[in-house]
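The values are calculated or read from the model by the stated rules, or taken from the named source; none is laboratory data. Remember, it's a predicted structure, so these values are computed and weren't measured experimentally. Don't worry about glycine lacking a Cβ; one is built from the backbone with ideal geometry, like all the others, and counts go over all protein chains shown. The protein model used for the area step is the full one, side chains on, heavy atoms only, and it has no ligands, DNA or RNA in it. Shrake-Rupley method; radii C 1.70, N 1.55, O 1.52, S 1.80 Å.
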Amino acid sequence: MASPFGRREVKLVLWVALGTLLVAGGMLLTVRLNQAIDERVRVGAETTGHVVHVDRFRISRSFAATRLTVDYTFDGVRHRERFSSELDESEFRVGEVLDVRVDRTDPTRAATPDGYATEDLLLQAPTVLASLGLAVIVISLALIRTGPRRD
């Protein structure tokens, strides 16, 4: 008895499964990054920082990413680090004062209670993974729906 599914359909179903794994990976990475930020805020040494530069990147009509360059001093040493948030519409301005929590073992790693963290955490990665997964799923499902190619 022959299978009702051809090789093409099986491949497309596997692509849907891969897309699902990418979306799940993005969700798990989001949870892990939020835990890392919360840990930095909870145990980090408290200091204040000044916003010296703000970059905003439009991702889509409804989302924008914000990157802040912040000057702060820890143990008498001045640091200038970039802080990012996953997707945010906050309106920070140059000169604003931020509450910064600094990792005691590595002062270049810091976070704010607002969810901003230094870029060592790759905060945009979960969104990219999930978006890629959704694109793979949608394209695969559209190809399955169109049926086999007619040559």
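Some notes on this structure:
- Pairs where the first residue, in the range 90-105, is in a loop (DSSP other than H, G, I, E, B) and the second is among the polar types (S, T, N, Q), C-beta under 8 Å, 6+ apart: Ser90/Thr66; Phe92/Thr66
- Residue-level analysis places Arg82 among those that are open to solvent by 30 Å² or more (accessible area, probe 1.4 Å), part of a strand (DSSP E or B) and at pLDDT 85 or above.
- Selection of the range 6-24 for residues being modelled with pLDDT of 90 or more and either of a type in the set (Gly, Ala, Ser) or within 19 Å of Thr112 (Cα to Cα) (or both) yields Ala17, Gly19, Ala24.
- In the range 95-138, the residues that are among the aliphatic types (A, V, I, L, M), at pLDDT 85 or above and loosely packed, with under 15 Cβ neighbours inside 10 Å: Val97, Ala135, Val138
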